[in-house]
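Step one of this worksheet: look at the structure below.
The values are calculated or read from the model by the stated rules, or taken from the named source; none is laboratory data. Please read all numbers here as calculations on a predicted model, not as lab measurements. So basically every Cβ, Gly included, is an ideal-geometry build from the backbone, and we count neighbours across all protein chains shown.
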Amino acid sequence: MHDDTRSVTRLSVSLEGYDSLTVPIHRASTIRYPDAASFAARFERSADGYVYGLYGTPTHRYLEKKITELEEGARTLLVPSGQAAVACSILALVAAGEKVLIPDTVYGPVRDFATHELAALGIEAVFYDPVDLCALGSLIDARTRLVWTESPGSITLEMQDIPAIVLMAHAKGALVGCDNTWASPLNFRPIRHGVDIVAEALSKHFSGHSDLVLGSITTRDDTLGLKLKASLGRLGIGTSPDDCVLLARGLETLAVRLERSNASGLQIAAWLAGHPCVEMVIHPALPGNPGHEIWKRDFSGACGVFTFALKEQYADQAFVALDALQLISIGASWGGTKSLIAPSTVKGLRTVRPWTGPDYLFRVNVGLEHPDDLKDDLARFFTALTESERNEPRTAFSG
């Protein structure tokens with residue numbers, strides 16, 4: 001055999017006695033078949049078999065099964081992002097002429113997707129008040145294929161009564177989907193409450209280190225899961241095994257990270273609620289907050305993600321004051337080890353349930369830093385805020 005042939009010929013290596021404590025990385029586009037008959041019958045393999053790298057490797061299968069176990073579902077599919085998890089679920093289940101109901105407090109890019117892509121495909125997307133069950137019930141009709149939920153809602157954290165929504169939707173033949181990214185399955189398991197499809201932005205709590213983008217779709221029954229799997233294959237949706245391994249590693253510390261960020265988040269939220277510059281703090285786990293009773297009934301815990309608003313006289317100085325932060329970074333996303341703050345305005349993202357609170361909100365992700373150090377950092381922000389107010393006002397926000 002020539003050297004150039006030897007260079008590309010695969011050798012067998014014994015795996016006897018090898019049992020890695022970590023999840024191995026299996027990279028592949030091409031799957032090798034032992035003979036021509038196996039290749040000809042490749043599409044007869046089980047749904048969890050191996051046909052081509054796009055449809056998964058053993059690394060993918062491990063992560064799919066682990067997430068399925070946590071969600072208490074039947075099947076999990078991996079997609080490139082949380083946005084893809086929501087979009088692909090809707091595309092696979094709702095046809096032209098049918099209707100999907102979406103909460104008015106949904107993640108902003110999902111609203112954009114519904115308004116543009118779904119409309120172009122002839123799918124009617126109707127936004128609904130997330131906390132008005134009577135109004136929602138009147139919208140579910142024979143054309144409604146899917147009721148989407150997100151609890152708590154994006155930024156303003158409205159809590160939805162998921163069990164009640166499931167009862168209404170199922171009674172009229174509609175499926176229910178839920179974006180469960182805020183809680184993760186450790187704090188809320190939608191499938192236990194009758195939800196059919198659960199979407200997670202794995203980039204957040206699951207990953208925990210702000211270094212990958214990935215999403216998952218978990219279904220209540222395998223028939224629905226196989227339908228979604230077939231759709232993803234036709235769309236050419238796949239994920240990297242390297243990202244799956246990073247995600248599997250982050251998942252191992254999910255419980256301890258959530259416990260720490262939740263405890264620190266509640267401490268910081270309570271501290272902010274008593275600050276003279278703060279108008280309001282929105283955190284479902286805080287007693288007295290709207291939706292707290294639903295959270296207490298259905299959820300087993302919370303996380304370090306919540307929102308606060310400044311008193312009106314400080315709004316114009318906020319952007320300048322944010323630059324005083326030294327530990328807390330300004331950035332989107334959340335669920336990582338490092339604390340973040342993201343200034344937001346939501347009035348333009350509401351079409352059914354108008355936001356009547358302060359114009360500008362600050363979403364906080366409390367990471368793993370010591371809460372006392374985070375309070376000191378926020379104190380720097382408030383000091384800069386009050387000092388800036390005493391000087392010439394400067395417009396900080398734009399619509």
Based on what the data block shows, is Arg32 among the charged types (D, E, K, R) and surrounded by fewer than 14 Cβ atoms within 10 Å (Cβ to Cβ)?
yes
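Being closer than 30 Å to Glu69 by Cβ and touching a Lys or Arg at 6+ places or on another chain (Cβ under 9 Å), is that true of even one residue in region 250-259?
Looking through region 250-259, at least one residue is closer than 30 Å to Glu69 by Cβ and touching a Lys or Arg at 6+ places or on another chain (Cβ under 9 Å).
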Report whether or not Ala92 is within 25 Å of Ser184 (Cα to Cα), under 18 Å from the mean Cα position of the chain (by Cα) and among the hydrophobic types (A, V, I, L, M, F, W, C).
no
Residues satisfying the stated conditions in region 218-236, i.e. surrounded by fewer than 19 Cβ atoms within 10 Å (Cβ to Cβ), over 18 Å from Val195 (Cα atoms) and among the hydrophobic types (A, V, I, L, M, F, W, C):
Ala230, Leu235
Considering region 339-349 alone, what residues qualify as being of a type outside the set (Ser, Thr, Tyr) and either buried (at least 17 other Cβ atoms within 10 Å of the Cβ) or part of a strand (DSSP E or B) (or both)?
Leu340, Ile341, Ala342, Pro343, Val346, Leu349
Restricting attention to region 179-186, does a residue exist that is buried (at least 24 other Cβ atoms within 10 Å of the Cβ), among the hydrophobic types (A, V, I, L, M, F, W, C), more than 11 Å from the chain's Cα centre (by Cα) and part of a loop (DSSP other than H, G, I, E, B)?
no
Residue selected from region 352-380 under the condition modelled with pLDDT under 95 and in a loop (DSSP other than H, G, I, E, B), by the criterion surrounded by the fewest Cβ atoms within 10 Å (Cβ to Cβ)
Thr356
Show the residue pairs meeting these rules: Cβ distance below 6 Å; 6+ apart or different chains; first residue within region 132-150 and more than 18 Å from Ser89 (Cβ to Cβ) and in the same structural domain as Val100 (by TED's automatic domain parsing); second residue of a type in the set (Phe, Trp, Tyr) and surrounded by 15 or more Cβ atoms within 10 Å (Cβ to Cβ).
Leu136/Tyr128; Leu139/Tyr128
Only residues that are surrounded by 15 or more Cβ atoms within 10 Å (Cβ to Cβ) and of a type in the set (S, T, N, Q): list them for region 256-304, please.
Ser261, Asn262, Ser264, Gln267, Asn289
Answer yes or no: is there a residue in region 282-305 that is under 24 Å from His370 (Cβ atoms), part of a helix (DSSP H, G or I) and either touching a residue at least 40 places away in the same chain (Cβ under 8 Å) or in contact with a Phe, Trp or Tyr (Cβ under 9 Å, 6 or more places away or on another chain) (or both).
no
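Residues are listed down the side, and each one gets a yes or a no for (1) in a loop (DSSP other than H, G, I, E, B); (2) within 26 Å of Gly215 (Cβ to Cβ); (3) basic (Lys, Arg); (4) touching a residue at least 60 places away in the same chain (Cβ under 8 Å):
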position	(1), (2), (3), (4)
Asp19	yes, no, no, no
Ser29	yes, yes, no, no
Tyr33	yes, no, no, no
Ser38	no, no, no, no
Asp48	yes, yes, no, no
His60	no, yes, no, yes
Glu69	no, yes, no, no
Gly73	yes, yes, no, yes
